[in-house]
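The values are calculated or read from the model by the stated rules, or taken from the named source; none is laboratory data. As the structure is a prediction and not an experimental result, all values here were calculated from the model. Note that we place each Cβ from the backbone using ideal geometry, even for glycine, and neighbour counts take in every protein chain shown. Calculation scope for accessible area: heavy atoms of the full protein, side chains included, ligands and nucleic acids excluded. Shrake-Rupley method; radii C 1.70, N 1.55, O 1.52, S 1.80 Å.
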Amino acid sequence: MHGTLTEAEGFLAYLAEHERKSLLRFITCGSVDDGKSTLIGRLLFDSKLIFEDQLASLEKDSRKHGTVGDDIDFALLVDGLAAEREQGITIDVAYRFFATDRRKFIVADTPGHVQYTRNMATGASTADAAVILVDARQGILTQTRRHSFIVSLLGIRHVVLAVNKIDLVGCDRQVFERIAAEYRAFAEDFGFESLVAVPLSARFGDNVMSRSDETPWYEGPTLLQRLEEIEVSDTRLARPFRMAVQWVNRPNLDFRGFSGTIASGVVRPGDPVAVARSGKTSRVKAIVTHDGDLAEAGAGEAVTLTLDDEIDISRGDVLCPPDRRPEVSDQFAAHLLWMAEDALLPGRPYLLKIGTRTVTAQVTEIRHQVDVNSFQHLAAKTLNLNEVGVVNVSTSEPVAFDAYAEDRATGAFILIDRATNLTVAAGMIRFGLRRAQNVHWQALAVTKDDRAAIKGQKPAVLWFTGLSGAGKSTIADLVERRLHAMGRHTYLLDGDNLRHGLTRDLGFTDADRVENIRRVGEAARLFVDAGTIVLVSLISPFRADRLAARQRMGEGEFVEIFVDTPLALAESRDPKGLYKRAREGKIANFTGIDSPYEAPEAPEIRIDTGAVDATQAAEQVVAWLAERGYLG
Amino acid sequence: MSNRLSHLRRLEAEAIEIMREVAAEFSNPVMLYSIGKDSSVMLHLAMKAFHPSKPPFPLLHVDTTWKFREMIAFRDETVRRLGLDLIVHTNRDGVAQGVTPFTHGSSHYTTVMKTEALKAALSKHGFDVAFGGARRDEEKSRAKERIFSFRTENHVWDPKNQRPELWNLYNTRVRRGESIRAFPLSNWTELDIWQYILAEQIPIVPLYFAADRPVVERDGQLIMVDDERLPLRAGETPHMKRVRFRTLGCYPLTAAVESDAATLPDIVGEMLVARTSERAGRLIDHDEAASMEKKKREGYF
């Protein structure tokens, strides 16, 4: 206290100033060895953000792992993982923080290797600007193009092209200008609002924070000057109000609030609001926060709204003005960046998370893939790791969205694999597909219940799954004979037989198997709708696809029957000689041999073919059905 | 209204969004409460995030039995004041085996009394998500970690194979036994923390403020003699020094710094001219190169 009072006041004034500084989030990207990590290390070092103890350990690390002789290797400041330091590469994005007198910065240092592109996209998704590095000796590489394309796709509008290692080309103006011109030419259609090229040397600091004497011909800003100048206007406030409900706040019976972060626009008490999906409307009663009710709240604020009326709202709903609603559809076109080792399978159900809502979704069509080098549109049947395409997506229920180009917060989604729980894709919605709104369901007078009643049975699909040679078809055939003898209306869809007609255009790749099961599932659904007990005999090796078929049926209509035969036993039977041929390499993608079988985790019926014969198994199934009232 | 949220308000809103997402998506959340300044900020944000409800999860403190006495007093007072549930977990086997920072070395001690204890507590209660107050500016491997950071059934972090994390669309899917560590303060810096404490008048443990305290000088570090259990080496006599702590933990492993900073503005002022990072006062980080990453991979927070 005492003598330090003025000093303390000085700090407070400094802090107030510091608090008013704007924030810029940017990424560094580009090809491997272009010097991204070195550049960030240099920025941290030059802005005096390296503490003494960190510098001491950096010097030690540099001697051990450094790639620049006896000098300090600034990249080691950012490459924080042991594997990164050992290999001298960047694997994952690192977030670093620094400030100048004018601005605060959060920089994401992203990896240059093509296999870590998803980590680069992670960094880019929250950035306002990108510094794209090019090694002056190498010029523009495929990875420069790929990263620039992804930067553009994710909606970053401000780019600095850092032509690094300019010292290694003798600070040659012509080299710099040739690279800058080439870059401008291919980035012309990327929608960048600003693009400034800077010649620099990250290792020696030329034109990073201070102007270099080595490039007297360069009259533009230093890298840091440019980063301080970039004008990031927050356009979200001018957009219509959007808030995805994250959490329903119910401390007691008298309070029901809807907590969420305002994605865009402004909200005030008294404003009319609508629930995008249901169309229900009300008015905002109060904007509740821990610090008191607010007269107004805008984009980026985390608030809790109370409404005048008790309308049905739950997590995942989007609140909006009644006259400026987002689009609501179960089909839309989107850019998709695929981020998983396992390729995209059209028709396979994935989880889709948009805002605070998670639904099941499938890619129904790949319109085209984009070649990241030439930016040409290519025909494609799938998307592999790090590939980008334009696809049609269909969701299990309608979702509310805006085009990503208009609103990053309401137009972005991720896809999650249901089996592995991995995030497999990043999506940016382009536009809704009107088809969903214009093709209405024709209501019919005679219903499924009517058709079932006349047959005196409860319709269902008996889905026999298991390895080839497990005995599925034999058991299914016996079950149908028994049911038929009992006067029940049945039909048997046999996977092998269907391949002569309904599915004869399909092969045995993962993608074709998904489509095969989808078609058989749809056919089975029609039979169930007709009141029939339908038996399906299909290897159907993937859990996700059986689950998708199950979800197309009503409650209790899908009876999964796992014909559980160990591989060795099925192979020893080998009734069709298929295992032998698969072992000889004459059949590819054979389930159990070079393609996996995912056993059901909780089938309705499990048949242990080691313990019972086919007749006993059939009796087991019929008894199960009779007990549960399927047979009238 | 001003058309741009201030830096601190942006950080605050981001942290609140993360907390609400956790509360909405997981079945059994818990908040790691270490009693330090970052935990104080995190707890304050949790009170804001769910207002007028209470935070819908308990706090968990892993007590090594070697925390500063003032920390424990502050912890109990805080929990009482806010009316929250607190779970205190201590590795009783470790205590029974006499594992202390002096007998077994700081590395083994940390593994047994902190990492193992934490994993045991998480498994025992079946928490599928745990909040931690770690910040990316603290340390190199933390700078690499996702906000929603996946842990295997054995609480292991695989830094080479993290899930992509785009926008604010956090993947919260885990199988039984797996879990997520959620870090709402990821994007805060040490300066942000202090500024926020100042702006919001958040109570913190008095040890952060300079006072005359009994210390011994050991291996170039100032260690406070918080109770009679600290074995004194030959030639060591505790003497009073005006010191404070930049970071808090187990008292034998946490070095004090000489300081006159007795108020929040003083502390922030001191920080602005500091030439060493806050983790310099943490003895366990210096044990071996890349030690934080190794500990984190093993399940440490």
For this session: Name the helices (runs of 4 or more DSSP H) wholly inside the range B:80-145 in which the number of residues that are closer than 30 Å to B:PRO52 by Cα and of a type outside the set (Val, Ile, Thr) is 2 or more.
Result: B:117-125
For this session: Within the range A:118-148, track down each residue that is farther than 26 Å from A:SER233 by Cα, more than 14 Å from every other protein chain (Cβ to nearest Cβ) and either without any contact (Cβ under 8 Å) to a residue 12 or more places away in the chain or assigned to a helix (DSSP H, G or I) (or both).
Result: A:THR142, A:GLN143, A:THR144, A:ARG145, A:ARG146
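Quick check on the range A:260-268. Is at least one of its residues at the interface with another protein chain (Cβ under 8 Å from one of its Cβ atoms), assigned to a strand (DSSP E or B) and surrounded by 20 or more Cβ atoms within 10 Å (Cβ to Cβ)?
yes
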Problem set entry | Test for A:PRO240: is it assigned to a loop (DSSP other than H, G, I, E, B), open to solvent by 40 Å² or more (accessible area, probe 1.4 Å), more than 8 Å from every other protein chain (Cβ to nearest Cβ) and touching a Lys or Arg at 6+ places or on another chain (Cβ under 7 Å) | no
Problem set entry | Inter-residue pairs, beta-carbon under 8 Å, first open to solvent by 10 Å² or more (accessible area, probe 1.4 Å) and in the range B:237-264, second hydroxyl-bearing (Ser, Thr, Tyr) and assigned to a strand (DSSP E or B), 6+ apart | B:LEU248/B:THR254
Exercise. Among the strands (runs of 3 or more DSSP E) contained in the range A:286-390, which hold 2 or more residues that are away from every other protein chain (no Cβ under 12 Å)?
Worked result: A:302-307, A:318-320, A:327-338, A:357-370
Exercise. When the residues of the range A:97-118 are filtered to those that are modelled with pLDDT of 85 or more and surrounded by 24 or more Cβ atoms within 10 Å (Cβ to Cβ), which remaining residue is farthest from the chain's Cα centre (by Cα)?
Worked result: A:VAL107
Problem set entry | Residues located in the range A:458-491, provided they are in a strand (DSSP E or B) and within 20 Å of A:ASP564 (Cα to Cα) | A:VAL461, A:LEU462, A:TRP463, A:PHE464, A:THR465
For this session: Look through B:ARG135, B:ARG151, B:ARG75 and report the one residue that is free of Cβ contacts under 8 Å to residues at least 60 places away in the same chain and either open to solvent by less than 30 Å² (accessible area, probe 1.4 Å) or touching a helix residue (DSSP H, G or I) at 6+ places or on another chain (Cβ under 8 Å) (or both).
Result: B:ARG75
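Count, please, the residues in the range A:93-104 that happen to be over 22 Å from A:VAL32 (Cα atoms) and either facing chain B (nearest Cβ under 8 Å) or touching a Ser or Thr at 6+ places or on another chain (Cβ under 9 Å) (or both).
The qualifying residues number 7.
To keep it simple, each residue is scored yes or no on (1) closer than 15 Å to A:ALA185 by Cα; (2) open to solvent by 10 Å² or more (accessible area, probe 1.4 Å); (3) within 22 Å of the chain's Cα centre (by Cα); (4) at pLDDT below 95.
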site	(1), (2), (3), (4)
A:GLY123	no, no, yes, yes
A:THR126	no, yes, yes, yes
A:ALA130	no, no, yes, no
A:ALA136	no, no, no, no
A:THR144	yes, no, no, yes
A:SER148	yes, no, yes, no
A:SER152	yes, yes, yes, no
A:GLY155	no, yes, yes, yes
For this session: Could you please let me know if A:ILE605 is touching a helix residue (DSSP H, G or I) at 6+ places or on another chain (Cβ under 6 Å), surrounded by 15 or more Cβ atoms within 10 Å (Cβ to Cβ) and under 24 Å from A:THR490 (Cα atoms)?
Result: yes
